[in-house]
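Chemist: Supplied in structure tokens, the structure appears directly below.
Read the figures in this text as sums done on the coordinates, not as results from a lab. Since this is a predicted model, take the numbers as computed values, not measurements. All Cβ positions, glycine included, derive from the backbone under ideal geometry; neighbour counts span all protein chains shown.
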Number of protein chains: 2
Amino acid sequence: VRIGILGGGQLARMLVLAGVPLGIQFRVWDPKKDASAGQIAEQLTAEFSDPQAIKQFVSGLDFVTYEWENVPAKLAETIAQEVPAFFPPHSALKIVQDRFTQKEFFKKNKIETADFSAIESLDDLKNATAKMGLPALLKTRTEGYDGKGQVLIRKTSEIEAASKKLFGKKQILEKFISFDRELSLVAVRSKNGQTAFYPLVENLHQEGILRTTLAPAASTKRLQAQAEKVARLLFKELNYVGVLTIEFFQQGSKLLANEIATRVHNSGHWTIDGAETSQFENHLRAGIGAALGSTRVIKPTAMINLIGNLPDQLLSENGIHLHLYGKTPAPGRKLGHINILGKSLKDLQARVKKLRGKLAV
Amino acid sequence: VRIGILGGGQLARMLVLAGVPLGIQFRVWDPKKDASAGQIAEQLTAEFSDPQAIKQFVSGLDFVTYEWENVPAKLAETIAQEVPAFFPPHSALKIVQDRFTQKEFFKKNKIETADFSAIESLDDLKNATAKMGLPALLKTRTEGYDGKGQVLIRKTSEIEAASKKLFGKKQILEKFISFDRELSLVAVRSKNGQTAFYPLVENLHQEGILRTTLAPAASTKRLQAQAEKVARLLFKELNYVGVLTIEFFQQGSKLLANEIATRVHNSGHWTIDGAETSQFENHLRAGIGAALGSTRVIKPTAMINLIGNLPDQLLSENGIHLHLYGKTPAPGRKLGHINILGKSLKDLQARVKKLRGKLAV
């Protein structure tokens, strides 16, 4: 089996590491010469806008998947026509690429989410904030990630500056809601219809970037069923194949969908060591129509992202499962993550705190 | 960190898969163009006898390790001088490469083993069999593996044929002993002195090739301490760094050392899914002086080797952790293995039996 991956970052790298033992061969397409996944797989180094490169990329591939949402829609569509199978479906990709289309999709399917409004001018923004109330988040409809491409508007005097900051880009205004926790669900559906769900996990952010995931999240007995219901609905509506991640805000006993990612996700990295089968392996199994692996939790697991620089003591610290991405350190860049397994969530939280101090992560 | 591996077979491949997440870069040296590990790492394709290749191989490497015992002793020695560190020590490699030297080493260190005798002629063989009694195994002193290079002598009339079969090679005669089980211990020592031990596992052979490992072996409470004692002794005597595997024959409450391998071992493949840290990761951690990972068992695990051909249903069968080596099928060739996790050893044994029938492995 030969699979092509659009993008050669850390998600592609971890897909390759999970797929090689299944006998899968990989080709990644990334314009960056030193791409993370290109260090362990065949890499096509060409711009995504290069029309010649498509033929080169798809040649001999049985499947194509992708590791980030911003694959140009046209490119995804063309490739989907050129290979036997493309997953997750490019129709799903098209919906999630645009935050507004995604929210409209939630609304249409009666999936609860925070208020939102499409913004095309300063007047739109003034009207929408008046109607929705503040604080609210103004975001670009496309291409934002890790907190980039968004501005928090706390009071009316900040409206014009916010509008200017994102000027020239299609925007969406989202009501800024208070919530108890951010939870996420990693779900997977195989092309033969089999589904599997990891437990809800709790995500802790700082400066818009995911820092820590605790898996499983505490006290989610009823929430898990709610979350899985949303996933099943999405699977059906999107005719879905592969891993799907849904980020939720929890308000008491209620879950509000924040956003979905039609791919493996940072909040699922704990599964490499903490679950019987990783999200990466299950994404590939789903795509090629193999039986899905068990999503059972081995032990409560904490995932800590390594961002910006790598602490010296990473290899000398006990009890750490290390996952480096082979990337050059740079401020705000995700360079790797560590997974820690604990006896209980409480035990884990204490260890995470201690480790954060020690490693300054 | 850059590590070179002598040999590019499945053991090298699994070392690479375990080491990439630690941020290690690899170069494997294997004369075979389609080497298993070369599919995911830089490969030097040259004969081991090529003196030019050594410089090419060691250039820029911080460490060198190996994946099979038959690295030419002279080559190992030369390389050990050319790189900052070579592990496991080539002095240990030299001892285990020759079955007779290995057994003499056991004897010197008071490690119990079956009777043995060096054989240089037919007369030697006649004398030794008379003294030791039959049945006995006549083996080449070097280069045998997976049951190759050995002949079982059951009665005196078979002596001459056996001698002829291995003619021209240095030989050792070993008493063929009856035993309850074959057990093995995978142990690891870091260059900073830290040690760790996996539990004893039970190995089931057929036609001289390992077919199944059950981990951990049942009822080994006292045997584990005996086995670890032998490992500690070897660590000390060999000034050892890396994974060391010891195969034992169990006779009641006694363990007889059969042979040692100064490398990761087929009977440790279950650790990829069944232990918190795999033997491959711990071998690398040991070599670079990192903290060793936990050797705790996640769940009782059965490892089944896939030999000769690959069953069609491998990917559609539930509950299987698959590890393929990217090798072309051939009779007797190890193409991969599967790990199965079970609630208990008993549960596992039943599943192995069922699966063996279903997959015809």
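Chemist: Mind checking which lysines have their Cα closer than 21 Å to the Cα of A:K346? Skip sequence neighbours fewer than 8 apart in that chain.
Modeler: Candidates past the 8-residue exclusion: A:K221, A:K299, A:K354, A:K358.
Chemist: Now a separate question. Per-residue counts of other Cβ atoms within 10 Å, averaged by peptide: what ranking do you get for B:158-168, A:223-233, highest first? Walk me through the numbers on the way to the answer.
Modeler: Values: B:158-168: 14.8, A:223-233: 17.2.
The most tightly packed comes first, giving A:223-233, B:158-168.
Chemist: What percent do you get for the relative contact order of the stretch A:76-156 when only Cα pairs under 8 Å and 6+ apart count?
Modeler: Working: 56 pairs, mean separation 17.6, N = 81.
Relative CO of the stretch A:76-156 lands at 22 percent.
Chemist: Evaluate E = 1/(1 + (r/R0)^6) for A:K254 and A:R356, where r is the Cβ-Cβ distance and R0 equals 30 Å; express this FRET efficiency to the nearest 0.05.
Modeler: Numbers: r = 31 Å, r/R0 = 1.02.
E between A:K254 and A:R356, to the nearest 0.05, is 0.45.
Chemist: Something else now. Taking the beta-carbon count within 10 Å as an exposure proxy, list B:S184, A:S91 from fewest neighbours to most. The partial results should precede the final answer.
Modeler: Numbers: B:S184 27, A:S91 15.
Fewest-to-most ranking of B:S184, A:S91: A:S91, B:S184.
Chemist: Where the label is 7 Å out from Cα toward Cβ, how close does B:K229 come to the same position in every other copy, in nm, shortest first?
Modeler: In ascending order, 6.3 nm.
Chemist: Report, for B:D123, each distance to the same residue's label point in the other copies, shortest first and in nm; define the point 7 Å along Cα→Cβ.
Modeler: 11.4
Chemist: Within 10 Å of each Cβ of B:281-291, how many other protein chain Cβ atoms are there on average?
Modeler: Values: counts 2, 0, 0, 1, 3, 0, 0, 1, 2, 7, 8.
Whole-number average of other-chain Cβ neighbours for B:281-291 is 2.
Chemist: Once you order the gyration tensor axes a ≥ b ≥ c over the Cα atoms, which shape class does chain B get: rounded for a/c under 1.5, otherwise prolate or oblate by comparing a/b with b/c?
Modeler: On the way: a/c = 1.39, a/b = 1.12, b/c = 1.24.
Judged from the Cα gyration tensor, chain B comes out rounded (a/c under 1.5).
Chemist: May I pose another question? Rounded, prolate or oblate: which one fits the stretch B:1-67, using the alpha carbon gyration tensor with axes a ≥ b ≥ c (rounded when a/c is under 1.5, else prolate when a/b beats b/c, else oblate)? Before the final figure, lay out each step's value.
Modeler: On the way: a/c = 2.17, a/b = 1.28, b/c = 1.70.
Verdict is oblate for the stretch B:1-67.
Chemist: Order these peptides, B:112-123, A:284-295, by their mean beta-carbon neighbour count within 10 angstrom, highest first.
Modeler: On the way: B:112-123: 16.2, A:284-295: 21.9.
The peptides rank, most packed first, as A:284-295, B:112-123.
Chemist: Give the aspartates and glutamates whose C-alpha is closer than 13 Å to that of A:K170, dropping any in the same chain fewer than 8 places away, or say none.
Modeler: Once the sequence-local aspartates and glutamates are set aside, what remains near A:K170 is A:D98, A:E120, A:D124, A:E143.
Chemist: Related question: I need the calculated FRET efficiency for the pair A:Q56 and A:N309, taking r as the beta carbon distance and R₀ as 25 Å, to the nearest 0.05. Could the numbers behind the result be given before it?
Modeler: Working: r = 36 Å, r/R0 = 1.44.
After rounding, the FRET efficiency stands at 0.10.
Chemist: Is there a simple number for the mean count of other chain Cβ atoms within 10 Å of the Cβ of residues in B:305-317, and what is it? Spell out each step's value before the answer.
Modeler: Working: counts 0, 0, 0, 0, 0, 1, 0, 0, 1, 4, 10, 5, 2.
Mean partner shielding for this stretch: 2.
Chemist: Shifting gears a bit: Label-to-label distances across copies for B:D312, with labels 7 Å out along Cα→Cβ, in nm, shortest first?
Modeler: 5.9
Chemist: Ok, one more. What distance in nm lies between label points placed 7 Å from Cα along the C-beta direction at B:T156 and A:K108?
Modeler: Roughly 9.1 nm, to one decimal.
Chemist: Right, here's the next one. Is there a pair in A:K74/A:K169; A:K107/A:K155; B:K55/B:K169; A:K175/A:K334 whose C-alpha atoms are over 25 Å apart, and which pairs would that be? Numbers along the way, then the final one.
Modeler: Numbers: A:K74/A:K169 19 Å; A:K107/A:K155 27 Å; B:K55/B:K169 32 Å; A:K175/A:K334 28 Å.
A:K107/A:K155; B:K55/B:K169; A:K175/A:K334, as the Cα separations exceed 25 Å there.
Chemist: Roughly how far apart, in whole Å, are the Cα centres of the stretch A:271-345 and the stretch A:81-122?
Modeler: Going from one Cα centre to the other spans 28 Å.
Chemist: Something else about it: Lys and Arg at +1, Asp and Glu at -1: add these up for the other residues within a Cβ distance under 13 Å of A:T328 and post the number.
Modeler: Numbers: positive: A:K32, A:K33, A:K327, A:R333, A:K334; negative: A:D34.
My count for the surroundings of A:T328 gives +4.
Chemist: Can you tell me how the stretch B:48-91 classifies by the Cα gyration tensor, rounded, prolate or oblate, using a/c under 1.5 as the rounded cut?
Modeler: Oblate, since a/c reaches 1.5 and b/c is not below a/b.
Chemist: What percent do you get for the relative contact order of chain B when only Cα pairs under 8 Å and 6+ apart count? Please list the in-between numbers first.
Modeler: Numbers: 744 pairs, mean separation 49.4, N = 361.
RCO, chain B: 14 percent.
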